[in-house]
1. Check which residues have an amide H placed less than 5 Å from residue 541's amide H, if you skip close sequence neighbours.
2. Hey, got the dipole for the chain? About the Cα centre, +1 on K and R Cβ, -1 on D and E Cβ, debye to the nearest 20?
3. Go through the chain and flag any cysteine with no other cysteine's C-beta closer than 4.7 Å, please.
4. Could you give me the ³J(HN,Hα) list for segment 480-496, computed from phi with Karplus coefficients 6.51, -1.76, 1.60 and θ = phi - 60°, whole Hz, x at Gly and Pro?
5. Based solely on its DSSP helices, what 222 nm [θ] is calculated for the chain when runs of n ≥ 4 H residues each add -39,500 (n - 2.57) and the sum is averaged over all residues, nearest 500 deg cm²/dmol?
6. Taking θ = phi - 60°, what integer Hz values does the Karplus form 6.51 cos²θ - 1.76 cosθ + 1.60 yield along segment 311-320, in sequence order, with x for Gly and Pro?
7. If I stretch the segment between residue 314 and residue 420 completely, what's the gain in nm (0.36 nm per residue apart, minus their alpha carbon distance), one decimal?
8. Calculate the length of the line joining the C-alpha centroid of segment 300-324 to that of segment 1-21, in whole Å.
Amino acid sequence: MQYRNDIAGLRALAVLPILLVHAGLTAIPGGFIGVDIFFVISGYLISRIILKEMDGGRFTLTGFYRRRALRILPALLVMLVVVLAVGWWRLFPQDMRDLSWSAAATALSGSNIWFWRTVNYFGDAELTPLLHTWSLGVEEQFYIFYPLLLIALHRWLPRRIVPVLWIIVAVSLAAGFALIAVNKAAAAFYLLPARAWELGLGALVATGGFPRLGERARPVAAWLGLGLVIAGLFVITEESAFPAPWALLPCIGTALLIAYGETGGTARLLSLAPMRFVGDISYSLYLWHWPVMAFWRFERGLTLDAGEMAATIAISFALAILSYRLIEQPFLRRGKAWATPRVLWGALAAMLLVAGAAALLAVQASRTRIEDPRIARVLTYLDYDYAPEGILQFRNGICMANSDKPNFDVARCATLRSDRPNIMILGDSHAGHLARALGERLTGMNVMQVTASGCRPVWPTAGDRRCTEVMEIGFGALPGSGRLDRAILSGRWRADEMDGLLRAIARLRARGVPVTVIGPTVEYDEPMPRLLARAIARDDYALVRSGRDPERIALDRDMARRVRAAGATYVSLQALECPDGACPLFASDGSPFHFDYGHYTLQASRQMVAKFPVEAIGPAKP
């Protein structure tokens, strides 16, 4: 197939924003849509290759998988081996265990499924070195099924290829909407059924599914496509519903560029030599950039300054160039002379070897004991949300609706009683981590936990269906008898949601309900147990204190003023936890004060709640 310079440049347009946003540049919040651009390009190129060979009577499945193996596996498997080696050298056992299992899944083309099942609300994605390989899992699974579909269509319905592809695109897009609607946003993000439409758009361009345009209309459509892609980089954020519907913006834009931008102004722009160069190394650049940045963050902290951003990007480019010249290109050149069975059996053996070695490393890491008992203990809290104490504290799937367990039991968690005062704590997991301690302190009262992870108590309610349903329970007429004596609102507050918080306060006060707002927690730029382990190993606790997020302090001050002006009581966690700026590192039972970036362990939660003024959390005095 003829090499298209503009598509090489389009690859650069995909990978460069990914690098920048992953390095921490907030100016382009939608940089992650580069993956969606890659999906459309892949769907186009694969379809062109397959259909051209089918029309010439040369297509075979073994030949197709041979090319895919030579293109994808060598650089990927080498990257996995290097990442595992570095991880064994530098990571704590729990992190090495998780890295190894993810490497095994990646080697077997299933990392998207692995991360769908394991990366959760309390996770720290920036410290997951192979998280970026989820997109390779999607593509590799697509490569398994798509050629079989085209073989069947080419043989029995050769004139119906385009309509069938449109149906698949429509069904896949509908699946994405449906999964998000039923609180399965993670499945929509990671899994092929909700992503196939993106590759399908590229396939439609290759099969003539986009209309033919005249010479004057083609450049207009191409520039429109480029505009849609660029707009997506700036208007799409991590909070956007994704991939449905917001991925339509970059995907349609990319399809328009491929369909109508082979010549003209957009082609000249994308075909510039620097763009072509980055496009040529884009696969290796994508492979290496995320491990480089993740390991850097393990060593230096989650937030990269400008110099660190530049350093990690430069290292990523250096490794990508080496990978492209020493691994990608040699295998593609020399592989042409290798027999197909040799390539396929060799690829299968290499995949199994790397996956098996990774699994053995995972088992070994699970058995590894850390000599320093202080480090060993704090690191157990990296798995706190799965531990019995964490399950007891949050009550996920009962009084806390989260992405894995979106259920909420109104009868057990949000029902008024007439025989005692009724106190409701409403909010996200930052309300959930206080709820049990509040219930223990407010003895003789009915403390109701109305919480959903990632869902702030603002009005009107916002977020996915799980959020709106649970928050509307709290803001509505609660079942049962008796009256609500106080509403306590808590969340991982955002500055751009303050107007919504003030409306929530006004709504509750209009019903005669006293309102208390719990301010933002102290936060760190990576999980506190890992910071503590590193600090203990280096005998330098300043490492922990330097990781504190100062923006939460400024938000706390602004919230205190605005909440009190709205007639509600305000409790500053910043002031209670860190009087005179000195923050505790451990709770009284020796547990880390926070088990991740900002959630309290149960004992820390009890200590904090013990400091709350009773008039701020109990019934208002008559």
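1. Correct list: empty.
2. On the way: 64 positive and 51 negative charges, 288 e Å.
Taking the Cα centre of the chain as origin, the dipole is about 1380 debye.
3. 251
4. Values per residue, Gly and Pro as x: x, 10, x, 10, 7, 8, 6, 10, 10, 9, 9, x, 7, 4, 10, 4, 7 Hz.
5. -19000 deg cm²/dmol
6. Karplus-based 3J(HN,Hα) across segment 311-320 equals 5, 5, 5, 5, 4, 4, 5, 4, 5, 5 Hz.
7. 31.8 nm
8. Each part reduced to its Cα centre gives a spacing of 19 Å.
The numbers here are math on the coordinates, done by the rules we state, and not lab data. All values reported here derive from a predicted model rather than from experimental measurement. Neighbour counts are summed over all protein chains in view; Cβ atoms, including those assigned to glycine, are modelled from backbone coordinates with ideal geometry.
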